[in-house]
Amino acid sequence: MRGQFTLEFWRDGEFYVGRLLEVPGVFSQGETLEELQENIQDAYDLIVTQERPPAPATAQQQQVELEI
């Protein structure tokens, strides 16, 4: 499955640093723009395929409304 995402990037010294705007927490860097794109793909893959431990049996959920 493929999707379209917005890669926001900037120079930080010798590196390109970037993030996916639509997926919070997906950041990476690379010495070239092409390397950044490869690394951001790897970071995205880790976020979406990472197995998360189950919540404790005592975990609760609550809907909250936040002012943003």
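The values are calculated or read from the model by the stated rules, or taken from the named source; none is laboratory data. These figures come from a predicted structure and were not determined experimentally. As a convention, Cβ positions derive from the backbone with ideal geometry for all residues, glycine included, and neighbour counts pool all protein chains shown. Heads up: the accessible areas ignore ligands, DNA and RNA and are worked out on the full protein's heavy atoms, side chains in. Shrake-Rupley method; radii C 1.70, N 1.55, O 1.52, S 1.80 Å.
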- Item | Hits in the stretch 13-28 - residues which are open to solvent by less than 100 Å² (accessible area, probe 1.4 Å) and more than 12 Å from the chain's Cα centre (by Cα) | Gly13, Phe15, Tyr16, Val17
- So is Leu33 in contact (Cβ under 8 Å) with a residue 24 or more places away in the chain, open to solvent by less than 100 Å² (accessible area, probe 1.4 Å) and more than 16 Å from the chain's Cα centre (by Cα) or not? yes
- Message: Considering only residues that are of a type in the set (A, V, I, L, M, F, W, C) and either over 27 Å from Gly3 (Cβ atoms) or in contact (Cβ under 8 Å) with a residue 60 or more places away in the chain (or both), which ones fall in the stretch 56-68?
- Response: Ala57, Ala59, Val64
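Being small (Gly, Ala, Ser) and either closer than 27 Å to Phe5 by Cα or touching a residue at least 12 places away in the same chain (Cβ under 8 Å) (or both) is the filter here, so list the residues in the stretch 43-55 that pass it. Explain how you work it out, then say what you get.
Of the stretch 43-55, the ones small (Gly, Ala, Ser) are 43, 55.
Passing the criteria: only Ala43.
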- Task: Please enumerate the residues belonging to the stretch 20-56 that are in contact with a Lys or Arg (Cβ under 9 Å, 6 or more places away or on another chain) and in a loop (DSSP other than H, G, I, E, B).
- Result: Gly25, Val26
